[in-house]
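**Q** So that we are looking at the same thing, I have put the structure below in structure tokens.
The values are calculated or read from the model by the stated rules, or taken from the named source; none is laboratory data. All figures in this text were calculated on a predicted structure; none of them were measured in a lab. All Cβ positions, glycine included, derive from the backbone under ideal geometry; neighbour counts span all protein chains shown. Ligands, DNA and RNA are excluded from the accessible area calculation, which covers all protein heavy atoms including side chains. Shrake-Rupley method; radii C 1.70, N 1.55, O 1.52, S 1.80 Å.
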Amino acid sequence: EAWSDNGWQDLSPTTVRHYRELWDRHIRKSIGRRTIASLNPYEVERYLRRLKDAGVGFTTVRHIRALLNRACRLARKWSANTLPNPIVDTELPVWSLTQRGDSVRSPEVTEVQAILAAAATFDERFGAFVRLVAATGMRRGEACALRWTDIDWEAGSVVVDESVVAAAGGAEVKSPKTRASIRTLALDPGTLAALQTLRTSQEGLA
């Protein structure tokens, strides 16, 4: 709770929401009831193994351990090293390849074409959105934050420099975490034409 009051303000709303979900779903009513001083690495590793046995996935358990480690590290610092960090020396349970589940499969070309066709039939704006994401690989939040001024019609490119993220009470636009996330992406003629058609439609609607 101290960390959420003094530090979460610097995190993205998406990260804060993820931390809060982990806390409420997996930590608060179990190991979160224990005082830091009463925990040791053995008990923490038993807790992580119970999560695994309950069906919690590898990535989620890894994130839970990272969240607890950061919180306990800050507690140790803020207590002038009076409190220990019982997380730092712990190890994660081992998941075999069969236990980690199927990896995400990239869609085939025919599947992408079917998705693009269905999206365009459903709604012109959504069709242009899906085509833009498929053509550039940008994140959906980045696509949501685009403005017409971000498109260079003559060069056939688009500048990605913001992202829309879910936040308390709605959504907000934020800058990227690193300069490397600010980039210029090339647009193929078909995607550029779809965006131009959409712009003409939007101007007429306005």
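**Q** In the set P93, P84, P107, which member is open to solvent by less than 20 Å² (accessible area, probe 1.4 Å) and not in a helix (DSSP H, G or I)?
**A** Values: P84 fails: open to solvent by less than 20 Å² (accessible area, probe 1.4 Å); P107 fails: open to solvent by less than 20 Å² (accessible area, probe 1.4 Å).
On inspection, the qualifying residue turns out to be P93.
**Q** Of everything in the stretch 174-184 that's among the β-branched types (V, I, T) and open to solvent by 80 Å² or more (accessible area, probe 1.4 Å), which residue is nearest to T136 (Cα to Cα)? Can you show your working first?
**A** Going residue by residue through the stretch 174-184, those that are among the β-branched types (V, I, T) are 178, 182, 184.
Of the ones still in play, those that are also open to solvent by 80 Å² or more (accessible area, probe 1.4 Å) are 182, 184.
On the way: I182: 14, T184: 10 Å.
In this case the residue turns out to be T184.
**Q** Run T90 past the list (1) touching a residue at least 40 places away in the same chain (Cβ under 8 Å); (2) within 19 Å of Y19 (Cα to Cα); (3) among the polar types (S, T, N, Q) and report the number of the one that doesn't hold.
**A** All conditions pass for T90, except number (2).
**Q** Separate question: Scan the stretch 65-75 and give yes if some residue there is within 19 Å of G190 (Cα to Cα), under 18 Å from the mean Cα position of the chain (by Cα) and part of a helix (DSSP H, G or I), otherwise no.
**A** Within the stretch 65-75, not a single residue is within 19 Å of G190 (Cα to Cα), under 18 Å from the mean Cα position of the chain (by Cα) and part of a helix (DSSP H, G or I).
**Q** Further question on the same structure: Hey, any hits in the stretch 17-33 for a residue that's of a type outside the set (D, E, K, R) and more than 20 Å from V56 (Cα to Cα)?
**A** So the first thing to find is which residues in the stretch 17-33 are of a type outside the set (D, E, K, R), and the list is 18-19, 22-23, 26-27, 30-32.
If we keep only those that are more than 20 Å from V56 (Cα to Cα) too, we end up with none.
No; the residues of the stretch 17-33 include none that is of a type outside the set (D, E, K, R) and more than 20 Å from V56 (Cα to Cα).
**Q** Let me ask you something else. Being in a loop (DSSP other than H, G, I, E, B) and either over 28 Å from T14 (Cα atoms) or of a type outside the set (A, V, I, L, M, F, W, C) (or both) is the filter here, so list the residues in the stretch 115-140 that pass it. Outline the logic, then answer.
**A** Filtering the stretch 115-140 down to residues in a loop (DSSP other than H, G, I, E, B) leaves 123, 137-139.
D123, G137, R139 - these are the residues of the stretch 115-140 that are in a loop (DSSP other than H, G, I, E, B) and either over 28 Å from T14 (Cα atoms) or of a type outside the set (A, V, I, L, M, F, W, C) (or both).
**Q** Something else about it: Hey, can you tell me all the residues within the stretch 114-140 that are touching a strand residue (DSSP E or B) at 6+ places or on another chain (Cβ under 7 Å) and open to solvent by 80 Å² or more (accessible area, probe 1.4 Å)?
**A** R139
**Q** Next up: Conditions: (1) under 25 Å from the mean Cα position of the chain (by Cα); (2) within 16 Å of N69 (Cα to Cα); (3) surrounded by fewer than 16 Cβ atoms within 10 Å (Cβ to Cβ). E21 meets all but one. Number of the miss?
**A** The number of the failed condition is (2).
Here is a yes/no grid of residues against (1) over 26 Å from D102 (Cβ atoms); (2) of a type outside the set (S, T, Y); (3) out of contact with any Gly (no Cβ under 8 Å at 6 or more places or on another chain); (4) crowded, with 17+ Cβ neighbours inside 10 Å:
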{"residue": "G32", "(1), (2), (3), (4)": "yes, yes, yes, no"}
{"residue": "T35", "(1), (2), (3), (4)": "yes, no, yes, no"}
{"residue": "V44", "(1), (2), (3), (4)": "yes, yes, yes, yes"}
{"residue": "R49", "(1), (2), (3), (4)": "no, yes, yes, no"}
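**Q** I would also like to ask the following. Go through L97, L92 for me and flag whichever is touching a helix residue (DSSP H, G or I) at 6+ places or on another chain (Cβ under 9 Å) and not aromatic (F, W, Y). Talk me through it step by step, then tell me what you get.
**A** On the way: L97 fails: touching a helix residue (DSSP H, G or I) at 6+ places or on another chain (Cβ under 9 Å).
Of the residues listed, the single one that is touching a helix residue (DSSP H, G or I) at 6+ places or on another chain (Cβ under 9 Å) and not aromatic (F, W, Y) is L92.
**Q** Now a separate question. Filter the stretch 141-172 for residues that are more than 26 Å from L11 (Cβ to Cβ) and β-branched (V, I, T); which is surrounded by the most Cβ atoms within 10 Å (Cβ to Cβ)?
**A** Taking the stretch 141-172 and keeping what is more than 26 Å from L11 (Cβ to Cβ), we get 148-149, 151-158.
Remaining after also requiring β-branched (V, I, T): 149, 151, 158.
Values: T149: 7, I151: 19, V158: 25.
Restricting to residues being more than 26 Å from L11 (Cβ to Cβ) and β-branched (V, I, T), the top hit is V158.
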